[in-house]
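The block underneath contains the structure these notes are about, expressed in structure tokens.
The values are calculated or read from the model by the stated rules, or taken from the named source; none is laboratory data. Remember, it's a predicted structure, so these values are computed and weren't measured experimentally. Cβ placement follows ideal geometry from the backbone for every residue including glycine, while neighbour counts extend to all protein chains displayed. Quick note on the areas: whole protein, heavy atoms, side chains included, nothing else; ligands and nucleic acids left out. Shrake-Rupley method; radii C 1.70, N 1.55, O 1.52, S 1.80 Å.
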Amino acid sequence: HGIAHAAPGGAPDAATVRRLLAHLFAFWTLDNSKQYAEAFAARQNATTSLMNYLLQPYSTQVVAIFRLFGLDTPKDGLYVHHLVQMGAGEGKSVTLAMTAATLALLGHHVDCVSYSS
């Protein structure tokens with residue numbers, strides 16, 4: 001299906017945004033799973049769970065993205081101005097990337113500026 005399309009009226013429904021985010025985070029996890037494959041092949045330390053090697057989004061990242069898209073409101077509040085604040089180490093860069101990728105897949109032009117040391 002490639003690019004998702006917005007419903008008549010401009011904004012996509014919440015289910016579309018959630019589905020896109022689930023796919024993006026799944027791709028992100030698989031794309032960063034090299035350590036998982038290496039640990040699975042080695043299996044030297046059986047006490048270490050292999051799940052420790054798979055990247056998963058922090059709950060703060062998912063909640064922040066849902067808030068930015070207005071998915072926490074009873075009525076889809078998509079594209080109504082929302083703001084989130086995240087502390088150090090809570091994954092602001094990943095949150096920005098996933099939000100931007102979702103908007104791009106919905107057909108929006110996206111420019112991102114981020115600084116991460």
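Residues in the stretch 83-102 that are open to solvent by 40 Å² or more (accessible area, probe 1.4 Å) and not β-branched (V, I, T): L83, Q85, A88, G89, E90, K92, S93, L96, A97.
Look at the stretch 95-117: where a residue is within 22 Å of Y58 (Cβ to Cβ) and touching a residue at least 40 places away in the same chain (Cβ under 8 Å) and a partner is surrounded by 19 or more Cβ atoms within 10 Å (Cβ to Cβ) and among the polar types (S, T, N, Q), sitting 6+ places away or on another chain with Cβ atoms under 8 Å, you get M98/Q61. Scanning the stretch 22-67 for residues being at pLDDT 85 or above and touching a helix residue (DSSP H, G or I) at 6+ places or on another chain (Cβ under 6 Å) gives a total of 5. Considering every residue within the stretch 71-81, establish whether at least one is of a type in the set (F, W, Y), assigned to a helix (DSSP H, G or I), over 11 Å from the mean Cα position of the chain (by Cα) and at pLDDT below 85. No: the stretch 71-81 contains no residue that is of a type in the set (F, W, Y), assigned to a helix (DSSP H, G or I), over 11 Å from the mean Cα position of the chain (by Cα) and at pLDDT below 85. Condition (residue is at pLDDT 85 or above, in contact with a helix residue (DSSP H, G or I) (Cβ under 9 Å, 6 or more places away or on another chain), not basic (K, R) and not in a helix (DSSP H, G or I)) applied to the stretch 94-105: is it met by at least one residue? No: zero hits.
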